[in-house]
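Some notes on the structure that comes next.
The values are calculated or read from the model by the stated rules, or taken from the named source; none is laboratory data. Remember, predicted model here, so these are calculated numbers, not experimental data. For neighbour counting, all protein chains shown are included, and Cβ atoms are generated from backbone atoms with ideal geometry for every residue, glycine included. The area values use the complete protein model at the heavy-atom level, side chains included, leaving out ligands, DNA and RNA. Shrake-Rupley method; radii C 1.70, N 1.55, O 1.52, S 1.80 Å.
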Amino acid sequence: MARTTCTDRVVGAILASWRYDISGIHQEMRKDYEQHFAECAHCRGRQNFHRSLDVTLAVLTSLASFFFLFALAVLKHIKPVEHMAFNVFGLDVADTYHMLISAGTAGFCFSVIALALVLTATPVPKYLGGIAAERARLLEERLPAAIKALRPR
Ligand SMILES: [Zn+2]
C-alpha cells in the first residue's frame, strides 16, 4: 500500500481529507472521484483500508456492548463471584456486587455510545448495505430461471 503513489496528487489529497469516502457526495459530482478510484491503485487501496478500519471499529464496539451485556446477565444469574470476593479478596459481597454491576452498566453504556458514534461518523451502514445489495444481486443472478419467474417484479 505504501509503495504505490497517487496518480493525481490534488484529487488524492481531497479524497484523503474525506477518508476516501465519497458516499455522501452527489451522484453528478462523484463521477470524477469514481474514475480516479478506478485509475489509481494507491487511493483504491487506501479506501479499502479505511472501510475495513470502519467495519472493524463497528464490530469491536458491538462486540464490547454484547460482552458487557453478557457480563451483566452473568452477574444477575450466577453468583460464584461472591465466593471469590469473600475468600480471596476479603471484600464485602454487596459492595463487590454493586461495583461489578456499576462497571458492567457503565461499560455497556460507553460501548453503545461508541457504536452509535462509529455508525454516525463513518460510512459503515452505507458500505455494508452496499455489500449486502451486491451479494443479493449476485445470488439472484445464479438462481435458476424457474425460481426467477416466481419472484414478483
Ligand atoms: Zn489517487
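Quick check on region 18-43: of everything there that is at pLDDT below 90 and of a type in the set (S, T, N, Q), which residue is farthest from the ligand (Cβ to nearest atom)? Looking at residues that are at pLDDT below 90 and of a type in the set (S, T, N, Q), I get Q27. Screening the candidates G129, G45 for the property of being under 30 Å from K148 (Cβ atoms) and open to solvent by less than 50 Å² (accessible area, probe 1.4 Å) yields one hit, G129. Scanning region 49-66 for residues that are open to solvent by less than 40 Å² (accessible area, probe 1.4 Å), away from the ligand (no atom under 16 Å from the Cβ) and either of a type in the set (S, T, Y) or within 15 Å of Y127 (Cα to Cα) (or both) returns D54, V55, A58, T61, S65. Pairing residues of region 38-61 that are farther than 23 Å from R9 by Cα with residues that are open to solvent by 70 Å² or more (accessible area, probe 1.4 Å), at Cβ distances under 6 Å and at least 6 apart in sequence or on separate chains, gives no pairs at all.
Residues in region 16-36 that are in a helix (DSSP H, G or I) and surrounded by fewer than 17 Cβ atoms within 10 Å (Cβ to Cβ): A16, S17, Q27, E28, M29, R30, K31, D32, E34, Q35. The residues listed here are L69, L91, L115; of these, the one that is more than 30 Å from A132 (Cα to Cα) and surrounded by 12 or more Cβ atoms within 10 Å (Cβ to Cβ) is L91. Output the number of the condition that R46 fails; it satisfies all remaining conditions of (1) within 19 Å of I131 (Cα to Cα); (2) more than 10 Å from the ligand (Cβ to nearest atom). So the condition that R46 fails would be (2).
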